[in-house]
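To keep things clear, I will list the structure first and then write my remarks on it.
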Amino acid sequence: MSKIDIVRLRKSEGISQKRLASMLEIKPSFLSAIENGRSRMPEDKVEKLRSIFGDDEIDGYIIDTPQEPYIPPHTHIHDEGDSLTQLLNHFHDLAHKKNHESRDREIELLRRLDNLSLRNERMSERIDELRNEVDLLRTENFRIKELLIANGISYSDISQKE
């Protein structure tokens with residue numbers, strides 16, 4: 001497999017990364033990722049690069065790289081003796097165990113939440129009942145005060161006798 005040494009090409013032509021990205025109609029961050037080997041240059045952009053610099057110019061900047069087959073994660077066979085693999089397997093097992101424990105914990109918390117909600121509803125109903133009783137007692141107290149005043153009895157006289 002071969003690729004173009006874009007950094008050397010760009011620098012030999014005296015073009016900034018930002019300018020070349022603009023010429024290729026890509027973001028400078030994507031060009032940076034390509035230059036640093038984190039991303040691959042799309043074929044249409046390779047063709048655009050060839051049209052900008054010409055095939056002869058580009059040929060001097062082609063470098064051969066060993067082709068490593070792409071192996072998607074979790075699809076290749078691990079050497080069980082590899083300590084990194086063992087560590088990854090351990091984390092994998094812990095994550096799945098944690099998921100089961102998390103689900104059990106979540107179910108328990110939801111059950112407790114339901115119980116607390118029911119308790120809260122009962123307490124709210126009881127508070128409403130008590131408020132109604134207080135309102136009735138206030139009304140009765142006010143009625144008694146009015147009767148006392150209507151009969152010429154001072155409320156303060158009664159409270160002092162006690």
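Accessible area per residue (1.4 Å probe, heavy atoms of protein chains only) ranks F53, F91 as F91, F53, with the largest value leading. The solvent-accessible area of E106, taken with every protein chain present and a 1.4 Å probe, is close to 110 Å².
The values are calculated or read from the model by the stated rules, or taken from the named source; none is laboratory data. Source: prediction; values computed, not measured. Note: areas computed on protein heavy atoms with side chains; ligands, DNA, RNA excluded. Shrake-Rupley method; radii C 1.70, N 1.55, O 1.52, S 1.80 Å.
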